[in-house]
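Novice: Sharing a structure, written as structure tokens. Questions coming.
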Amino acid sequence: MIKYGELSTKKDNINLFLKQLKDNIAFALEDMDVAIKFDKGRMFITLNKDNFKKVCDSLKKIFGIHEFDIAYKLDSREVDEIGSSILELVKEKELKTFKVQTKRSDKKFPIQSMDFSRHIGGIILKNIDDVKVDVHNPELLVNIEIRIDGVYVYFNSEKGIGGYPVGVLGKGLLMLSGGIDSPVAGYMAIKRGVKLECLYFESPPHTSLEAKNKVIELAKKLAVYNNDIKLHIINFTEIQTAIYQNCPSEYLITIMRRMMYRISEIVARNNRCKIVVNGESIGQVASQTLTSMNVINETVKIPVIRPVACFDKLEIIDIAKKIDTYETSILPFEDCCTIFVPDHPVINPEFEKAREYEKLIPYEEMIYKAIKNHEVIKISNKDKNEFEDLL
């Protein structure tokens, strides 16, 4: 039994959200012999007991689920038979204290929720020795939902990861580096219903094959939540070398980021992505001061979303560990954002100087060439991890 949480606050477009959630669950469980149905109150997955653990493990990684419960659907709606069935289920549990909680969405059922809870509680007290009711902190919570389509009983709840179903709000392009921040930013964008594609800038021979494979592995970890990911890999060597040879050292990072933003916007629009997402955090490095972000952002018209902008590093690391990207992110392989870093990068760049310096290189034709020849790797969350041996 799936509970929606935040999704239940949607009104006219709730069916859009629920249909997307149902499709995402069906994709995740397509090889597990399940049946799925839903209404605005609940979603139900009927499954084979043999697949129980696999189904539960998959549901824990699907956005849009607030909570899921292992529920039993009773065959009868007769009060005495419901009581007998619940008693048999409770006898299988080890308990000293319990509480019965009833939700009656079918108002035609003859007994109100509080009265029915007391009725079932009385049956349990009468037939099981040495148990008592504890309404504040029971060992066993007996949940009963009386719905039009049947009566459901459940005891154990699993917390979902919340958020919105992936894809319900369209696509975004994540600027994915090999660092800690950008995978966390991607995860948080996915949580808000954005289906991601990823963009990585490599700069061979200055960046290694190991650095590239590290990013592929990070994309693989994000695909667990995103269903699948298209990873775009841009060869940035020619552009980065031209910047290094022609621009003042203190402006290298500013000009480089302006070029990356331009490329990101074009790749995003070419792939019908509505936003660019990145892992910038205010004040963390020279290019992430408010002045720098303003000068760099000038180059694009597409919205740039920065999910971790107001997080400190320890908060970002905590999330990275939770989503299993941290250990991969700290592997010692440099990306093109960490090579050619000047000793004293400008922290308050000027618009006019940035525009003047980038005129020193024919960046438009180099950007066109880089995008035309870029590599695309498609990654599914159901692929075997073929990249593990490369790291």
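The values are calculated or read from the model by the stated rules, or taken from the named source; none is laboratory data. Because the structure is predicted, anything quoted here is derived from the model rather than measured. No Cβ is skipped: glycine too gets one built from the backbone with ideal geometry, and neighbour counts run over all protein chains shown.
Novice: Checking the condition free of Cβ contacts under 8 Å to residues at least 12 places away in the same chain and of a type in the set (K, R), which residue from K3, K49 passes?
Specialist: Only one candidate qualifies: K49.
Novice: Do you know which residues across the range 114-152 are within 18 Å of D75 (Cβ to Cβ) and either of a type in the set (D, E) or outside the structural domain of E88 (by TED's automatic domain parsing) (or both)?
Specialist: E145, D149
Novice: Could you count how many residues in the range 24-41 are more than 16 Å from the chain's Cα centre (by Cα) and outside any strand (DSSP E or B)?
Specialist: Count: 9.
Novice: Also, quick follow-up: If I filter the range 54-93 down to residues being in a strand (DSSP E or B) and among the acidic types (D, E), which single residue comes out as surrounded by the most Cβ atoms within 10 Å (Cβ to Cβ)? Outline the logic, then answer.
Specialist: Step one: of the range 54-93, the residues in a strand (DSSP E or B) are 65-74.
Narrowing the set further to residues that are among the acidic types (D, E) leaves 67, 69.
Details: E67: 15, D69: 17.
Selected residue: D69.
Novice: Return yes when F98 is closer than 27 Å to G41 by Cβ and assigned to a helix (DSSP H, G or I) and no when it is not.
Specialist: No.
Novice: Also, quick follow-up: Just checking, does the range 334-350 include any residue being in a helix (DSSP H, G or I), over 32 Å from the mean Cα position of the chain (by Cα) and surrounded by 20 or more Cβ atoms within 10 Å (Cβ to Cβ)?
Specialist: No; the residues of the range 334-350 include none that is in a helix (DSSP H, G or I), over 32 Å from the mean Cα position of the chain (by Cα) and surrounded by 20 or more Cβ atoms within 10 Å (Cβ to Cβ).
Novice: Among the residues of the range 42-53, how many are assigned to a loop (DSSP other than H, G, I, E, B) and either surrounded by 15 or more Cβ atoms within 10 Å (Cβ to Cβ) or charged (D, E, K, R) (or both)? Lay out the reasoning, then the answer.
Specialist: Keep residues of the range 42-53 that are assigned to a loop (DSSP other than H, G, I, E, B), which gives 42, 48.
Narrowing further to those that are either surrounded by 15 or more Cβ atoms within 10 Å (Cβ to Cβ) or charged (D, E, K, R) (or both): 42.
Here the count works out to 1.
Novice: Which condition does C310 not pass, out of (1) surrounded by fewer than 18 Cβ atoms within 10 Å (Cβ to Cβ); (2) within 20 Å of the chain's Cα centre (by Cα); (3) in contact (Cβ under 8 Å) with a residue 12 or more places away in the chain; (4) assigned to a helix (DSSP H, G or I), if it passes all the others?
Specialist: (4)
Novice: Anything in the range 308-363 that is out of contact with any Ser or Thr (no Cβ under 6 Å at 6 or more places or on another chain), over 30 Å from A242 (Cβ atoms) and among the β-branched types (V, I, T)? List them, or say none.
Specialist: Selection gives I316, I317, I319, I323, T325, T328, I330.
Novice: Given the criterion at pLDDT below 95 and closer than 18 Å to G279 by Cα, identify the matching residue among G179, G172.
Specialist: Values: G172 fails: at pLDDT below 95.
One residue alone meets the criteria, G179.
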